[in-house]
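The values are calculated or read from the model by the stated rules, or taken from the named source; none is laboratory data. Quick caveat, the model's predicted, so the values are computed rather than measured. Cβ coordinates were reconstructed from backbone atoms using ideal geometry, including for glycine residues, and neighbour counts include every protein chain displayed. Remember, those area values only see protein heavy atoms, side chains included, never the ligands or the DNA or RNA. Shrake-Rupley method; radii C 1.70, N 1.55, O 1.52, S 1.80 Å.
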Amino acid sequence: MVEKVGMERIVVPVRVRELDMERDLPAVEELERRCEVGISGDQGSAAADGAKKCKKKKKRNGMSLCVEQIGDPLARVRHAPEHVMLVAECGEKMVGVIKACIKMVSRGSIGGRKNTSSSSSSSGSPAQQQPLYVKVAIILGLRVSPSHRRLGIGTTLVRAAEEWSRARGAAHATMATTVSNKASLALFAGRFGYKPFRRPVLLGRPVHARRLPLPRRHRVFQLQPPLAAAAYASLLPPQDTEFLPADMPALLAHKLTLGTFVAIEGSDHHTAPAGAGGAADAEPPSFAVLSVWDSTRSLRMRVGGAPALLQHSLAAIRALDRAAPWMRVPSVPDIFRPFGAYLIYGVRMSGPAGPALLRTLCRHAHNVARRNPACAVVAADLAPGDPAAAAVPRWRRFSCDEDVWCIKNLGDGNAASDDDDWAAPAPAGSILFVDPREF
């Protein structure tokens, strides 16, 4: 492989192969450690060939929120039947890695055109109907050793991941980064032609030491996985939902999905009487639903750059709460050390009382999370225009609006492929599903 650096041409012999878990795990862990050590306070210092170890980072008055992967290096892709981790070697040294998986996801409405509807072509014949689900490659976890950056290793790994995905029939490839990670955007959007197209927001809140009370007028029930799958089939129709996985029932039945919960108003709540039109004028039923995913085994968050005064103040509040629990001081865990999180997904609501019911469900999710000492935050990833996003409680310090998803058509460049522009703005009412397995 030959790359230009300044006015010089540097030849870097790189071999890319698939991961051998038994043989390569120590080297992967060492590479992750080197990448972490190479992080400074500025994301611009990350490798020009790849993304940082921090999946998300948001600066506020010098503070930052980072999400780091731990444990099984294949945890974020292993759920897909087709997945891979590619490693790059210079001689006997591992200098880079990348992961990819292929999954069937819903396409939603593209460019305002429903996939289930058929239109007419210029010749008068019906245009080919777009499928509800499509094979998409998820490319993530790009790491390049600090000592081998700006040598084209990231480029080689991305190209290999795309070739692997294309060979398995993926029609599109997607990746996620942050708007402040200029190096990653320059690589994917600049060199490989990915288009930024969705901007989910991370909404997080800390887990308090005390149980949060639920309104007496609300009732919370847990749905068994088959019933939850049936409910989501109605609430998340694939023609209106982007990136809904075809294996949604398997996700809901996964051991790390702690439950799907629905909130409704109690039987003692009386709706307004119907108007002159009878039942047609009655208010629609109100409900909210969400699912809870335990990510404490696969990721850790951390807050960095906090002033010493803030750290000491929160520590004093925790000490006071332990010494005088009867005062019910709203203390939070030590967020300046690595901590785990519960993720809520499949967040939907309906009816005039929907936002209040959703806030009740978020309180219930908080109460579920406080049973796990490793969990310090409950968070959700939602589209910024989703009405549910306004109802989900959040703390500014635990929230992030810097995420950007990018997409690329892996087709052959023919006219039909070029017309399939998923990067077009999402139509009003479109739902974005964020799979917690890939967080």
Any chance L86 is at pLDDT below 85 and assigned to a strand (DSSP E or B): no
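Listed residues A356, A374, A388; which is under 27 Å from L256 (Cβ atoms), open to solvent by 20 Å² or more (accessible area, probe 1.4 Å) and of a type in the set (A, V, I, L, M)?
Working: A356 fails: under 27 Å from L256 (Cβ atoms); A388 fails: open to solvent by 20 Å² or more (accessible area, probe 1.4 Å).
Answer to the selection: A374.
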Restricting attention to the stretch 333-352, which residues are touching a residue at least 60 places away in the same chain (Cβ under 8 Å) and either more than 23 Å from A383 (Cα to Cα) or not charged (D, E, K, R) (or both)? P333, I335, P338, A341, Y342, L343, Y345, G346, M349, S350, G351, P352
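So that you can scan it fast, the table gives a plain yes or no per residue for (1) in a helix (DSSP H, G or I); (2) modelled with pLDDT under 75; (3) in contact with a Cys (Cβ under 8 Å, 6 or more places away or on another chain):
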| site | (1), (2), (3) |
| --- | --- |
| P285 | no, no, no |
| L290 | no, no, yes |
| R300 | no, no, no |
| H312 | yes, no, no |
Residue check: is A324 surrounded by fewer than 20 Cβ atoms within 10 Å (Cβ to Cβ), over 25 Å from R297 (Cα atoms) and either aromatic (F, W, Y) or modelled with pLDDT under 80 (or both)? no
For the stretch 378-405, the count of residues that are over 23 Å from P215 (Cβ atoms) and part of a strand (DSSP E or B) equals 5
